[in-house]
Amino acid sequence: MELDGLRVKQGALDSHLPSESPLREYLALKDETARHQASPRARELVRVREPFGRPVRTMLLMPPMRMFEGAVKRVIPPLGLAYLAASLEAAGMPVEILDCIVEGVEVEERVADGVWRLGLAEAGIRARLRDSAPDVVGLSMIYSSDLDNLYRCAQLVKEELPDALVVVGGLHASIYAKQVLIDGIRDGRPCVDVVLRGEGEERLVAFLADYAAGQLDRGADGLAGWVAGELVVNPQRARLADLDAQPLPAYHLLPMEKYFAHNVPFSPYPRGRRVMQVYTSRGCPIGCTFCASTNFSKAFVARSPQAVVAEIRFYQERYGIDEIQFADDNLTLHRGRALALFEALAPLGLPWCTPNGIMVNTLDRELVDRMVDSGLYQITLSLDSGNVETLKTRHRKPVDLARVPDLMAYLQARGVLVHGTLVVGMPGETEEDIREGFAYVEQLPFNSINVFIAQAIPGSELFENAVAAGEISYHDALHIDTAKSTLKLSAISGSRLESLVSDFLVRYNLAMRNRDREAWDRKYLDHKERMAKICIGRASPNTSAVLLAN
Ligand code: B12
Ligand code: SF4
């Protein structure tokens, strides 16, 4: 397939997965064209209770978040739930949202050595459930590492409101629906009744309409769950074809002032004080081995520039926002759309940045000009490695390293801060490969850099292969920490890998300081106090190492 000059191998990912992998089965059954809906079929209605005789009341709940020592408490409104709530409201269905993370942003509970839970404590969640007494509780989960927290919330629902139905969605549950349902059995009874796979907007509305009448459609697209005592797992076929037709996220149901007051959004160094995340597209077809995004939404579906601008204007008027952070997986994948989007953005006069990585190969000077002219102040270049072989065979990411120096110089000449990301410790990667990659990157004057240690993230090809090889189990991977070698995949010892990364970061940061002392002081010293406040537990060991080295 050809995308604006980018070659994308659609089948490549599937062909690298072990034959028994649940992900392979999920992908094989997913018919993700985004251009048509699932084929029409007869409904298979099953009576599950008495009709309500009134609208069903739904609470959408984001559980507390599992965090690792030193991680930054980045807290943004739960976008997925806000989209779902908007669809429910548009369908006239009563809905509320409880984001346990923002409601308990000061509540840090140490759950194990180096592991924390951030968010509303159990008593607070119970009280909210009792007060609202919803008929259905819809739980979300962004990271697989939050599965324990999700189950705990599901149990609380069952204890406080035994008649309430628990519905779960999100990436992890969509891919591993059967496992999530089976692991959710407590004392012989499910605490998760249903998983709705894939994008939830239309599925949840249809599901609730049936449930209000006391029934479920057991053959519904993307439905998995315990239906009349039997485990049903249906494939997910339809994708939303027209994102512009979706209502804007229902942020009015969230305590927006609390997010603004915390002011640690997606990128923790914002320019503004009232920052909003915006999602202009869904999906990414590239298929990097360490990433789960492709598998959730392989087909790239984009909103029109006009719809995005109308959304941002609405936030300016309603919330007085002063910065945008784009959360797309692959913002610039389609060059034509990206050019049009940034042109349309310029009149708004808002600074913006891309905390998520931008693919180097999608950028050129013309696009950079359009980005800068519309307010870009910081870009994340997802280089991922400075080693050509690693990029090609281990990450399988198309990054043309030869373009990076010129691109970076141009971005910096135009006043943009350039942040880089690297992922090291891939299966088969040797210490020599890593050193070579680091040496290349050390010639590049990034303004800041982050190094992740490769982890088997559920939904990624690395995960499937590591499980198949018996190196990790499904359950191990629910506790990954991408700053550490908790689940190391290369033959290098964990402590060696961590010290390679830490030494590189110290070297790189010292060089950065020598290049531009003033900028370095502004970033690290001015933020030192703030970082201590916004990190959970002790500040990150790598940050400390950099500061100590001074
Ligand atoms: C924004 C984002 C963040 C933000 C999240 C802040 C927040 N609280 O919202 C920040 C910056 C903090 C973040 C951090 C990290 N992230 Co992140 N992040 C994302 C990103 C780019 C977008 C999430 C999003 O908002 N999507 C948009 C909404 C619309 O989609 P959605 O949430 O999936 O919801 C839809 C459906 O899933 C469904 N749905 C969702 N919930 C429910 C519930 C019900 C009941 C129903 C019916 C349906 C339903 O309907 C929704 C609407 O269609 C995703 C990539 C992605 N494409 O999702 C990665 C992603 C979630 N992140 C990921 C990772 C790995 C991380 C980090 C570990 C990275 C790192 N190395 O540090 C950290 C972990 C943070 C931590 N625990 O400490 C992985 C998670 C993989 C996994 N299996 O766990 C993802 C998938 C990216 C990837 N490349 O693989 N991240
Ligand atoms: S890392 Fe980026 S480019 Fe690669 S598959 Fe994930 S979202 Fe796409």
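The values are calculated or read from the model by the stated rules, or taken from the named source; none is laboratory data. These figures come from a predicted structure and were not determined experimentally. Cβ atoms come from the backbone with ideal geometry, glycine included; neighbour counts cover every protein chain shown.
Of note:
- Long-range neighbours under 9 Å by Cβ, at least six apart or interchain, first residue in contact (Cβ under 8 Å) with a residue 60 or more places away in the chain within the stretch 73-87, second in a helix (DSSP H, G or I) and acidic (Asp, Glu): TYR83/GLU201; LEU84/GLU201; ALA86/GLU201; SER87/GLU201; SER87/GLU202
- Test result for LEU444, in contact with an Asp or Glu (Cβ under 8 Å, 6 or more places away or on another chain) and either at positive phi or away from ligand 2 (no atom under 16 Å from the Cβ) (or both): no
- Selection of the stretch 52-64 for residues being over 17 Å from LYS258 (Cα atoms) and either within 8 Å of ligand 1 (Cβ to nearest atom) or among the aromatic types (Phe, Trp, Tyr) (or both) yields PHE52, LEU60.
- MET371 vs. criteria farther than 27 Å from ASP31 by Cα, out of contact with any strand residue (DSSP E or B) (no Cβ under 7 Å at 6 or more places or on another chain) and either of a type in the set (A, V, I, L, M) or within 16 Å of ligand 2 (Cβ to nearest atom) (or both): yes
- Strands (runs of 3 or more DSSP E) lying entirely in the stretch 32-85 (those with 1 or more residues that are touching a helix residue (DSSP H, G or I) at 6+ places or on another chain (Cβ under 9 Å), modelled with pLDDT under 95 and surrounded by 16 or more Cβ atoms within 10 Å (Cβ to Cβ)): 65-68
- Any hit, the stretch 370-383, residues being out of contact with any Leu (no Cβ under 6 Å at 6 or more places or on another chain), over 22 Å from ARG303 (Cβ atoms) and charged (D, E, K, R): no
- Filter pass, LEU341 being surrounded by 20 or more Cβ atoms within 10 Å (Cβ to Cβ), at pLDDT 95 or above, within 13 Å of ligand 1 (Cβ to nearest atom) and of a type in the set (A, V, I, L, M, F, W, C): no
- Pairs, first in contact (Cβ under 8 Å) with a residue 24 or more places away in the chain and of a type in the set (D, E, K, R) in the stretch 370-385, second surrounded by fewer than 20 Cβ atoms within 10 Å (Cβ to Cβ) and outside any helix (DSSP H, G or I), C-beta under 7 Å, six or more apart: ASP384/THR421
- Among (1) within 13 Å of ligand 1 (Cβ to nearest atom); (2) over 30 Å from LEU23 (Cβ atoms); (3) hydrophobic (A, V, I, L, M, F, W, C) - the single one CYS284 does not satisfy: (2)
- Meets criteria (under 22 Å from the mean Cα position of the chain (by Cα), among the aromatic types (Phe, Trp, Tyr), within 26 Å of LYS30 (Cα to Cα) and modelled with pLDDT of 95 or more) for TYR279: yes
- Qualifying residue in the stretch 252-260 (condition: surrounded by 22 or more Cβ atoms within 10 Å (Cβ to Cβ), within 11 Å of ligand 1 (Cβ to nearest atom), modelled with pLDDT of 95 or more and not hydrophobic (A, V, I, L, M, F, W, C)): yes
- Enumerated strands (runs of 3 or more DSSP E) restricted to the stretch 94-199, each holding at least 3 residues that are of a type outside the set (S, T, N, Q), buried (at least 18 other Cβ atoms within 10 Å of the Cβ) and within 25 Å of the chain's Cα centre (by Cα): 95-99, 115-118, 136-139, 165-168, 194-196
- Residue within the stretch 281-291 that is within 30 Å of LEU391 (Cβ to Cβ), touching a Phe, Trp or Tyr at 6+ places or on another chain (Cβ under 7 Å) and β-branched (Val, Ile, Thr) present: no
- Residues in the stretch 345-367 that are among the small types (Gly, Ala, Ser) and within 13 Å of ligand 1 (Cβ to nearest atom): GLY357 only.
- Only listed residue being within 28 Å of TYR176 (Cα to Cα) and either more than 15 Å from ligand 1 (Cβ to nearest atom) or touching a residue at least 40 places away in the same chain (Cβ under 8 Å) (or both), chosen from TYR315, TYR279, TYR269, TYR319: TYR279
- Residues in the stretch 464-500 that are touching a Leu at 6+ places or on another chain (Cβ under 8 Å) and at pLDDT 90 or above: GLU464, ASN465, ALA466.
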